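S.K.: The structure's right below; bear with me while I get my questions together.
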Amino acid sequence: MIRLNAFFEIKDGITAEQVKALTDELVEKSRKEEGNKGYDLFVSTTNPRVYLFCESWENEAVLEKHKQTAHFTRIIPQLSQLLKGELSLEAFTR
């Protein structure tokens, strides 16, 4: 299993509603993908501009397939426009 944690911070002036408009669809569709074991978005309790995607995938192959889906390739570039800096990714296995 692969656990992927993706941290990001949104730019000043960007609202939670703008983030939610993009991330709700991404979370919903990603959860339905073959090999997905969990896909959630969290907001920091200490900084409401910081978010965390927690994803669990059956293996590296299904994670790579996820990165090629229509919803991922459409939404991630749009979401990137709202970010202060880059997405920070950490992958884990057990």
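S.K.: From the set of residues in the range 1-15 that are within 17 Å of HIS66 (Cβ to Cβ) and out of contact with any Phe, Trp or Tyr (no Cβ under 6 Å at 6 or more places or on another chain), which is surrounded by the most Cβ atoms within 10 Å (Cβ to Cβ)?
M.R.: Among those that are within 17 Å of HIS66 (Cβ to Cβ) and out of contact with any Phe, Trp or Tyr (no Cβ under 6 Å at 6 or more places or on another chain), it is LEU4.
S.K.: Scan (1) touching a residue at least 40 places away in the same chain (Cβ under 8 Å); (2) loosely packed, with under 12 Cβ neighbours inside 10 Å; (3) part of a helix (DSSP H, G or I) for the single condition GLN18 breaks and write down its number.
M.R.: Here GLN18 clears every test but (2).
S.K.: Related question: Take GLU34 and decide whether it is at pLDDT 95 or above, more than 17 Å from PHE8 (Cβ to Cβ), loosely packed, with under 14 Cβ neighbours inside 10 Å and acidic (Asp, Glu).
M.R.: When the stated conditions are applied, GLU34 passes them.
S.K.: Just name the residue that is nearest to VAL27 (Cα to Cα) out of those in the range 43-75 that are free of Cβ contacts under 8 Å to residues at least 40 places away in the same chain, aliphatic (A, V, I, L, M) and surrounded by 11 or more Cβ atoms within 10 Å (Cβ to Cβ).
M.R.: VAL43
S.K.: Of everything in the range 41-94, what is among the polar types (S, T, N, Q), farther than 21 Å from ASP12 by Cβ and assigned to a strand (DSSP E or B)? Give them in sequence order.
M.R.: SER56, THR93
S.K.: If you take the residues of the range 76-94 that are of a type in the set (A, V, I, L, M) and within 14 Å of LEU26 (Cα to Cα), which of them is surrounded by the most Cβ atoms within 10 Å (Cβ to Cβ)?
M.R.: Taking the candidates together, the pick is LEU79.
S.K.: Oh, and also: Determine whether THR23 is at pLDDT 95 or above, part of a helix (DSSP H, G or I) and either under 24 Å from LYS11 (Cβ atoms) or not basic (Lys, Arg) (or both).
M.R.: yes
The values are calculated or read from the model by the stated rules, or taken from the named source; none is laboratory data. If you're wondering where the values come from, they're calculated on a predicted model, not measured in any experiment. Don't worry about glycine lacking a Cβ; one is built from the backbone with ideal geometry, like all the others, and counts go over all protein chains shown.
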